[in-house]
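Asker: Sharing a structure here in structure tokens format.
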Amino acid sequence: MSTTPSIPASDLLIVLSTFPNSDDAGTAAHTLVEESLCACVNILPGVRSVYRWGHQIANNGEVLCLIKTTRTRHADLLERLVELHPYDVPELVTLAASEVNDPYLRWVMQETDPNRVPSSGPNEV
């Protein structure tokens with residue numbers, strides 16, 4: 001009986017990025033998933049961002065994207081996200097997972113493999 005080597009949880013990265021609206025976020029998300037740069041993008045509406053831009057305090061409604069990718073696809077994802085993003089200075093914050101369930105992690109790894117065979121979701125791994 002062979003065992004599958006364990007994949008470190010830290011191979012899963014979550015990139016946070018805000019967008020001005022759901023349409024822009026959805027377009028970017030679709031492209032990133034289609035190009036296998038990430039496995040999944042959660043788009044969370046109703047975010048309010050307060051920040052200084054130039055000499056003004058901004059208070060804007062935005063949507064937050066949680067983008068799930070791997071260490072091996074991370075650099076390519078960031079490069080593409082900058083190309084797709086409507087902001088001059090997009091928020092790109094990357095967090096490494098400290099724990100993740102193995103089936104989900106295997107699914108993320110499969111979906112971000114450029115040579116992957118499409119699956120129907122994390123429940124199919």
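Asker: Going by the conditions given, is VAL82 modelled with pLDDT under 95, over 12 Å from the mean Cα position of the chain (by Cα), under 27 Å from PRO114 (Cα atoms) and of a type in the set (A, V, I, L, M)?
Answerer: Considered against the rule, which asks whether it is modelled with pLDDT under 95, over 12 Å from the mean Cα position of the chain (by Cα), under 27 Å from PRO114 (Cα atoms) and of a type in the set (A, V, I, L, M), VAL82 comes out as no.
Asker: Using the structure shown, decide if TYR51 is hydroxyl-bearing (Ser, Thr, Tyr) and in contact (Cβ under 8 Å) with a residue 12 or more places away in the chain.
Answerer: No; evaluated as a whole, the condition is false for this residue.
Asker: Could you please give the count of residues in region 85-105 that are part of a helix (DSSP H, G or I) and either at positive phi or surrounded by 15 or more Cβ atoms within 10 Å (Cβ to Cβ) (or both)?
Answerer: Result for region 85-105: 2.
Asker: Could you tell me which of the residues GLY54, GLY26, GLY61 is surrounded by 15 or more Cβ atoms within 10 Å (Cβ to Cβ), farther than 15 Å from LEU77 by Cα and either modelled with pLDDT of 95 or more or out of contact with any strand residue (DSSP E or B) (no Cβ under 9 Å at 6 or more places or on another chain) (or both)?
Answerer: Answer to the selection: GLY26.
Asker: Related question: So if I check each of SER36, SER6, SER10, which one is within 17 Å of MET109 (Cα to Cα), of a type in the set (Ser, Thr, Tyr) and assigned to a helix (DSSP H, G or I)?
Answerer: Every option except SER10 fails the conditions.
The values are calculated or read from the model by the stated rules, or taken from the named source; none is laboratory data. This structure is a prediction, so every number in the text was calculated from the model and none was measured. No Cβ is skipped: glycine too gets one built from the backbone with ideal geometry, and neighbour counts run over all protein chains shown.
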